[in-house]
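The values are calculated or read from the model by the stated rules, or taken from the named source; none is laboratory data. All figures in this text were calculated on a predicted structure; none of them were measured in a lab. Cβ placement follows ideal geometry from the backbone for every residue including glycine, while neighbour counts extend to all protein chains displayed.
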Amino acid sequence: MSNTDRAIGKDKDGNGIVYEDLMNLYTLFVDFFRVKTYDRRKEVIVFMNTQDCILTRRSVRKFTNEPVAPETVEQVVSLAAFAPSWKNTQVSRYLAVIEPEDRAQICQYVPDYNARIIDQCSVLLAQTFVKSRSGYERDGSFSTDRGPGWQYYDCGIAAQTLCLAAHDMGLGTVIMGVFDRPALERFLNIPADQELMALIALGYPDETPPAPRRKDVQTLLSFKRGQSTI
């Protein structure tokens with residue numbers, strides 16, 4: 001079969017363009033711009049493809065002293081808003097702590113290993129959620145046998161989406177869950193209808209941690225076929 005017979009389009013000279021040609025061009029395009037993806041100072045901004053973003057994201061615990069612009073934080077959160085949620089309730093909320101003095105105060109309510117991270121990052125995001133919506137019926141009863149647990153699940157999805165969005169924009173993140181929640185909720189003036197879920201450090205990374213070992217697909221995935229599970 002000739003290229004003309006297999007063509008899915010034509011170029012300006014009337015020559016047939018086949019699918020393989022387009023994929024080769026796409027691969028060249030991605031390879032050429034991949035370095036620029038990680039360097040926010042380049043004049044050309046090209047976003048990573050999804051697999052690259054997932055495979056190269058790391059939990060970052062060391063940051064440069066370069067500030068993160070408020071507009072950048074807004075863009076990260078706007079992308080995190082597209083995370084799926086129970087009945088589209090979108091319960092996650094974010095409080096950006098940008099003043100060093102406030103972050104120093106927060107360090108009193110976390111372990112030393114988290115305080116060292118918070119002391120370095122440019123922005124600390126306090127992720128909260130609106131209570132009694134995700135996993136609940138309108139009358140206040142639980143929708144499933146998970147009780148209040150579904151709202152935590154939704155927060156996890158939102159946090160991962162935020163971290164991927166940040167990584168795509170050249171930022172590093174790490175999610176922290178060990179802290180004095182009642183004390184921090186008072187210090188941060190969290191509304192009564194919300195609960196503090198996690199702290200997420202955000203900034204420009206000063207390290208590229210190696211990928212930790214991952215479980216193989218055979219461990220993670222099973223297929224049910226008839227009466228057996230493979």
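Brief remarks on what is shown
- Top-ranked residue in region 81-130 [being touching a Phe, Trp or Tyr at 6+ places or on another chain (Cβ under 6 Å) and among the hydrophobic types (A, V, I, L, M, F, W, C); ranked as farthest from R61 (Cα to Cα)]: W86
- Within region 100-111, residues that are within 12 Å of F187 (Cα to Cα) sit with their Cβ atoms under 8 Å from residues that are of a type in the set (V, I, T) and at pLDDT 95 or above, at 6+ positions apart or across chains, in these pairs: R103/V97; R103/I118; I106/V97; I106/I118; C107/I118.
- So T72, is it surrounded by 15 or more Cβ atoms within 10 Å (Cβ to Cβ), over 20 Å from I190 (Cβ atoms) and under 18 Å from the mean Cα position of the chain (by Cα): yes
- When region 176-230 is filtered for residues that are at pLDDT 95 or above, assigned to a strand (DSSP E or B) and surrounded by fewer than 11 Cβ atoms within 10 Å (Cβ to Cβ), nothing remains.
- A104 falls short on exactly one of the conditions (1) over 27 Å from Q194 (Cβ atoms); (2) modelled with pLDDT of 95 or more, and that condition is (1).
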